[in-house]
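Let me begin by presenting the structure, written as structure tokens, before commenting on it.
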Amino acid sequence: FPRDHEQAVFNQIKHELASADGGLRLRFQFLDTARFGGFCRLFRNDMARACTMHATCCFGLGKKLSDLRDVLRQWNNYSAMTPPERRNAKSAGWRVPAKCGTPDKRAPPGPGS
């Protein structure tokens, strides 16, 4: 699928897997977004509620990887804190993605960007 972006490719594969003649007849169900965050919806900065973070609203693999790596760094920092540190931390929330998301959610460019 050289001309399509990742989400379009995923949709094509998903429909092939779910089709009756595809052999697998998989059923797909959308998950409740209360525990799933993404770059378009950031859990209202409640890191304790997060189960997974996705980048489906971000186009470009390089941008997705960059911001997902940053999410992983944020999660590692948060999960290394003790419970009292988590409660008292003013910065224990998701930072706005630097390269993904809508322009109103995108972090302002830093020096040298």
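Residues in the range 46-63 that are under 8 Å from the mean Cα position of the chain (by Cα) and within 17 Å of VAL9 (Cβ to Cβ): HIS54, ALA55, THR56.
Considered as a group, the residues in the range 12-39 that are open to solvent by less than 50 Å² (accessible area, probe 1.4 Å) and not in a strand (DSSP E or B) include one that is modelled with the lowest pLDDT, and that residue is GLY22.
Of all residues in the range 40-85, those being among the hydroxyl-bearing types (Ser, Thr, Tyr), modelled with pLDDT under 90 and surrounded by fewer than 17 Cβ atoms within 10 Å (Cβ to Cβ) number 3.
Figure legend. Inter-residue proximity from the range 10-21: first residues closer than 27 Å to GLY60 by Cβ, second residues in a helix (DSSP H, G or I), beta-carbon distance below 6 Å, spacing 6+ or different chains. Indicated pairs: GLU16/GLY22.
The values are calculated or read from the model by the stated rules, or taken from the named source; none is laboratory data. Everything numeric here is computed off the predicted structure, so don't read it as measured data. Here Cβ is always computed from backbone atoms with ideal geometry, including for glycine, and neighbour counts include all displayed protein chains. Areas reflect the complete protein model, heavy atoms only, side chains present, ligands, DNA and RNA absent. Shrake-Rupley method; radii C 1.70, N 1.55, O 1.52, S 1.80 Å.
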